[in-house]
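Following: one structure in structure tokens, then a few remarks.
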Amino acid sequence: MEVKLSSPDYKDMDPERAAEDFRARISHYKEAYETITESDYTYIKLVNVGSQVVINMIQGYLQSRIVYYLMNLHILPRSIFFSRHGESIFNLMGKIGGDSDLSPRGRKYANALPKLIHEHLGDQPLTVWTSTMKRTIQTAEQLPYPKLQWKALDELDAGVCDGMTYEEIEEKYPEDYANRDDDKFNYRYRGGESYRDVVLRLEPVIMELERQQNILIIGHQAILRCIYAYFHNNPHDELPYIKIPLHTIIKLTPKAYGCAEIKYKVDIDAVDTHRPKPQPKSAKQVVNGRSSIASSNPLTNVAS
């Protein structure tokens, strides 16, 4: 009942009136609906949101994936907590990728995390998921909950750019740097991954998330962007620019039509690793870092 009353149909309606209207709908449904009995039809029948699943004549990859997805859904109350690892040495140096340790401030965040989680979860059960990288494992060390490491939660592979700063990438691989700014979701690092690759890699994680209850994911910026975008239905062009700051916990509570979100900022300083979306280029083509009309208009010769 709660699921249906939160639907757009009943927005701003008195809850009692909405419940009465929904019960009336159910009565009309009973009069009109017919049970499918034809054995040659393709269908999926869910009873009580997954307590029983009946499938018939399922054929092909897409239909099987739909069944797989539906079999992992549930409507039990739960919360999904996201946290990036504590600030790392590479974060301080402005480098991407790598497998560096936490900085002193990152370790302070790891020590503060158990108290903050308990304040907002109480004695409810919780499972902690991390990647296989040191900075997420170190961040989770003090948490008194069951832990699970996922290789699929490792940070986006930066390939040949792993361990470099963005300034070094721009200098050594200027074309790659520009191409990534043009289409960050689809751009794949040489010998590495794109955001699109990561989305595909995370499919089993998403499926497992759908069937779990309270989960804390201690992950990486690109990974948490992808999972966050899944729950909020963000488009691909926005996904790589979602702000997931360090030393912040994001709590998502899935609802029937979206997710409720609360952010908790821990009072421990950290560097800001967010790079905003570049401004669209003008109609004039940029050649070797300078506009073709730069000589006549100094305003066009601005570094991006």
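The values are calculated or read from the model by the stated rules, or taken from the named source; none is laboratory data. Every value quoted in this text rests on a predicted model; they were computed, and no experiment measured them. With ideal geometry, Cβ positions are generated from the backbone for all residues, glycine too; neighbour counts draw on all protein chains shown.
Out of R78, R65, R105, I need the residue that is basic (K, R), closer than 28 Å to D157 by Cβ and touching a residue at least 12 places away in the same chain (Cβ under 8 Å). Which one?
Unique residue meeting the criteria: R105.
Could you go through the range 255-271 and let me know if any residue there is in a strand (DSSP E or B), on the phi > 0 side of the Ramachandran plot, touching a residue at least 24 places away in the same chain (Cβ under 8 Å) and not acidic (D, E).
yes
Can you list the helices (runs of 4 or more DSSP H) found entirely within the range 195-246 that contain at least 1 residues being over 10 Å from the mean Cα position of the chain (by Cα) and either in the same structural domain as L92 (by TED's automatic domain parsing) or of a type outside the set (D, E, K, R) (or both)?
195-201, 203-211
In the range 140-163, which residue that is surrounded by 18 or more Cβ atoms within 10 Å (Cβ to Cβ) and out of contact with any Gly (no Cβ under 8 Å at 6 or more places or on another chain) is farthest from I227 (Cα to Cα)?
Only one residue tops the list, namely L143.
So, in the range 1-39, of the ones that are of a type in the set (D, E) and at pLDDT 80 or above, which residue ends up nearest to the chain's Cα centre (by Cα)?
D14
So, restricting to helices (runs of 4 or more DSSP H) that lie completely within the range 52-122, which ones have at least 3 residues that are farther than 30 Å from Y189 by Cα?
So the answer is 60-70, 104-121.
Taking E38 as the residue in question, decide whether it is over 30 Å from P245 (Cα atoms) and in a loop (DSSP other than H, G, I, E, B).
Against the criterion (over 30 Å from P245 (Cα atoms) and in a loop (DSSP other than H, G, I, E, B)), E38 qualifies.
Kindly provide the set of residues from the range 108-139 that are within 25 Å of L156 (Cα to Cα), among the β-branched types (V, I, T) and surrounded by 18 or more Cβ atoms within 10 Å (Cβ to Cβ), ordered by number.
Across the range 108-139, the qualifying residues are V128, T130, T136, T139.
Looking at (1) of a type in the set (V, I, T); (2) over 29 Å from Y166 (Cα atoms); (3) surrounded by 14 or more Cβ atoms within 10 Å (Cβ to Cβ), which is the only condition I96 fails?
(2)
Examine the range 201-211 for a residue that is without any contact (Cβ under 8 Å) to a residue 40 or more places away in the chain and out of contact with any Cys (no Cβ under 7 Å at 6 or more places or on another chain), and state whether such a residue exists.
Within the range 201-211, one or more residues are without any contact (Cβ under 8 Å) to a residue 40 or more places away in the chain and out of contact with any Cys (no Cβ under 7 Å at 6 or more places or on another chain).
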